[in-house]
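The values are calculated or read from the model by the stated rules, or taken from the named source; none is laboratory data. Note that the structure is a prediction, hence the values are computed from the model and not measured. Heads up, the Cβs are rebuilt from the backbone with ideal geometry, glycines too, and the neighbour counts pull from every protein chain shown. Only protein heavy atoms, including side chains, enter the accessible area calculation; ligands, DNA and RNA are left aside. Shrake-Rupley method; radii C 1.70, N 1.55, O 1.52, S 1.80 Å.
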Amino acid sequence: MDLSFIENTSTPRDSTYSFSLDKNVSFCSMEMSTTVADEQSATNNESTTKDDSCELSANCAAISLEESATIEAMEAEESLGQIEMLNGTEQTSGVEAPTEVQYQVEEEEFFQNALTELGRRLWKSSAEKQHYTKGCLWSPDGLCILLPVHLDGMHVIELPSDVYTDCAKQQVTPTRTLSKLETAVHVKEGGTVYDYVWYPFMNSQSPVTCCWLATRQHEPIHMWDAFTGELRCTYRGYDSVDEVESAIAVTFSNDGEQVFGGYKKSIKVFDTNVPGRDSSSFPVKQAVSCFALTTNNDSTVTTGSWMGYINHYDLRAPKLGSLFTLGGHTGGITWLRYAALADSDSWSLFSGARKDNKILEWDMRNYLKPVREFTRNIGTNQRIYFDLSPQEQRWLVSGDTTGKLRIWDLQNNVEEAQPLHGDCCNGVNFHPSLPILATTSGQHHFVNSSHNEESPESKKSAMQDEDIIIDYENALMLWWIGP
């Protein structure tokens with residue numbers, strides 16, 4: 001995936017190796033040819049070469065086998081460095097990469113002990129501005145986490161270095177001091193953020209890949225730089241009267257080559273390398289509220305709708321419409337996830353809806369009715385995220401509006417609920433490699449000033465006299481779920 005056309009050349013946060021993905025050189029593709037003049041020159045010099053053969057042989061004999069081995073080793077090291085650079089694994093000299101920290105934990109060891117809080121970040125609220133979080137997503141390399149905050153834009157928060165130290169020493173104890181979670185990049189989005197997603201091959205060792213997509217109210221799809229917080233480019237969808245239309249949902253294709261935007265009446269497919277308004281549009285009968293893709297096929301997408309239905313489309317045949325439609329929910333679909341469970345040779349689809357206490361599991365071989373139902377408390381219209389463990393997809397976790405973390409062991413059909421937050425737990429996300437779970441909390445609260453029939457001036461003075469305080473939990477927390 002070539003993102004060099006939108007590479008930001010500003011100085012990054014830390015010392016990081018930078019390279020361009022479109023400058024790779026393949027020596028196999030270099031054309032080796034000799035001209036007639038070269039052959040003539042070679043013929044003329046043949047006698048000279050023949051006369052000097054004894055001298056050349058002596059010089060060659062003077063080169064020791066040890067020196068030859070040294071030269072070969074240097075060439076092999078240089079070649080390996082080029083391969084590592086293409087794979088995004090080459091490190092800057094003198095900089096210790098956190099990605100070298102390894103902590104091997106089997107998923108069967110998850111949630112076997114009491115959860116240990118690693119770090120916390122809080123946002124204050126007032127009667128005028130309620131800064132509640134709206135879910136969170138770990139970056140694919142696991143070095144930072146992205147979350148939007150209502151009326152406070154989007155924050156990129158790095159995983160604290162002391163967490164890596166504890167992982168390397170395998171010393172994570174309940175008595176450890178909480179780590180301070182600080183914002184590394186802050187994008188001050190003005191409107192409501194509808195959806196957001198990381199670039200699937202994001203690697204902090206390659207700044208060009210460090211970006212994410214976000215769609216918000218009254219704006220096109222934006223691509224943001226995760227190092228500088230600057231806007232890289234936009235993908236603009238237009239409606240039937242040629243006005244910019246906001247996407248409700250957004251995601252990348254598995255290979256990162258395409259951007260899928262879900263709109264009220266269409267699905268638009270953009271080329272990642274071609275920002276702007278150029279796109280392919282596929283009409284839909286129901287507004288797209290969220291996306292889900294399997295890793296096997298980028299040509300088919302599963303979408304949720306506000307009407308409570310799940311639709312599956314083949315983008316190669318837009319005239320066919322929805323290939324199948326799933327029901328079962330009483331509210332609008334807010335989140336979808338595919339998973340390849342250990343005890344099945346087929347894809348399973350998990351779906352959740354607003355003001356609906358059920359998470360439904362569907363077997364894609366026979367989707368006439370759900371396979372299982374998982375119960376949680378959902379009493380609002382906001383999106384309550386759920387997630388599956390990244391390796392074996394054995395664990396299903398979800399938040400709910402009572403502040404509890406719901407945990408299901410999918411292999412043993414065991415359920416557990418742990419009260420973690422003092423307000424609605426709206427986001428949960430597994431770390432891609434470490435046994436760490438991120439949770440977020442907060443929701444919109446209606447403030448009753450009990451002065452509905454008075455003039456605006458008297459209302460304002462009464463609120464100042466009463467000194468109304470909004471004391472709700474708007475937090476990001478990191479939890480250790482391993483042994």
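Roughly speaking, what is the centre-to-centre gap between the stretch 431-450 and the stretch 195-230 when only Cα atoms are used, to the nearest Å? Between the Cα centre of the stretch 431-450 and that of the stretch 195-230, the gap is 22 Å.
Which shape class, rounded, prolate or oblate, goes with the stretch 289-365 when its Cα gyration tensor gives a ≥ b ≥ c as root eigenvalues, a/c under 1.5 marks rounded, and past that a/b bigger than b/c marks prolate? Present the calculation step by step, with values, prior to reporting the outcome.
Details: a/c = 2.05, a/b = 1.11, b/c = 1.85.
Judged from the Cα gyration tensor, the stretch 289-365 comes out oblate (a/c at least 1.5, b/c at or above a/b).
When nucleic acids and ligands are ignored and a 1.4 Å probe is applied, residue 385 ends up with an accessible area of around 10 Å². Looking at the stretch 121-175, the trypsin sites (Lys or Arg not before Pro) that sit in a DSSP loop and have at most 15 other Cβ atoms within 10 Å of their own Cβ are 124, 129. Amide H contacts of residue 210 (H built 1.01 Å from N, in plane; Pro and chain starts excluded): 203 sit under 5 Å, all sequence-distant by 5 or more or on other chains.
Highest mean packing comes first when the peptides 257-266, 308-317, 360-369, 170-179 are listed by Cβ atoms within 10 Å, giving 257-266, 308-317, 360-369, 170-179.
What does the C-alpha gyration tensor say about the overall shape of the stretch 150-241? Classify as rounded when a/c is under 1.5, otherwise prolate if a/b is larger than b/c, or oblate.
Values: a/c = 3.18, a/b = 2.14, b/c = 1.49.
Prolate shape, in that a/c is at least 1.5 and a/b is the bigger ratio.
Placing +1 on each Lys and Arg Cβ and -1 on each Asp and Glu Cβ, with no other charges, gives the stretch 174-324 a dipole about its Cα centre of roughly 360 debye.
Accessible area per residue of the stretch 340-399 at 1.4 Å probe, in Å²?
Accessible area per residue: 44 Å².
Residue 374: net charge of surrounding residues, Cβ under 10 Å, Lys/Arg +1, Asp/Glu -1, itself excluded? Net local charge, residue 374 excluded: +1. Each of residue 109 and residue 343 was given a label point 7 Å from its Cα along the Cα-to-Cβ line. The distance between the two points is 2.4 nm. Computed from the C-beta positions of residue 183 and residue 446, the FRET efficiency with R₀ = 22 Å rounds to 0.20.
Between residue 264 and residue 413, the distance separating the two model label sites (each 7 Å from Cα on the Cα→Cβ line) works out to 4.5 nm. Karplus-derived 3J(HN,Hα) values for the stretch 300-307, using 6.51 cos²θ - 1.76 cosθ + 1.60 with θ = phi - 60°, are 10, 10, 10, 10, x, 9, 5, 8 Hz; glycine and proline are entered as x.
Among residues other than residue 117 with Cβ under 14 Å from its Cβ, the summed charge is +1 (Lys and Arg +1, Asp and Glu -1).
Be a star and scan the stretch 322-346 for residues whose amide nitrogen sits under 16 Å from the point 7 Å along the Cα-to-Cβ vector of residue 368. Under cut-off, by backbone N: 325-328. The mean sequence distance of close C-alpha pairs (under 8 Å, at least 6 residues apart), as a share of the length of the stretch 317-404, puts its relative contact order at 23 percent. Subtracting the Cα-Cα distance of residue 218 and residue 243 from 0.36 nm times their residue separation leaves 8.0 nm of extension gain. Accessible area ranking (1.4 Å probe, heavy atoms, ligands and nucleic acids excluded), largest first, for 118, 231: 231, 118.
I need to check one value: relative contact order of the stretch 369-412, counting alpha carbon pairs closer than 8 Å and at least 6 residues apart, in percent.
Relative contact order here is 31 percent.
Taking the average, over residues, of other Cβ atoms within 10 Å as the packing measure, peptides 318-331, 139-152 rank 139-152, 318-331 from highest down. Exposure check, 1.4 Å probe, all protein chains in place: residue 202 carries approximately 10 Å² of accessible surface. The amide H of residue 372, built 1.01 Å from its N in the peptide plane, has 361 as neighbours under 5 Å, considering only residues 5 or more places off or on other chains.
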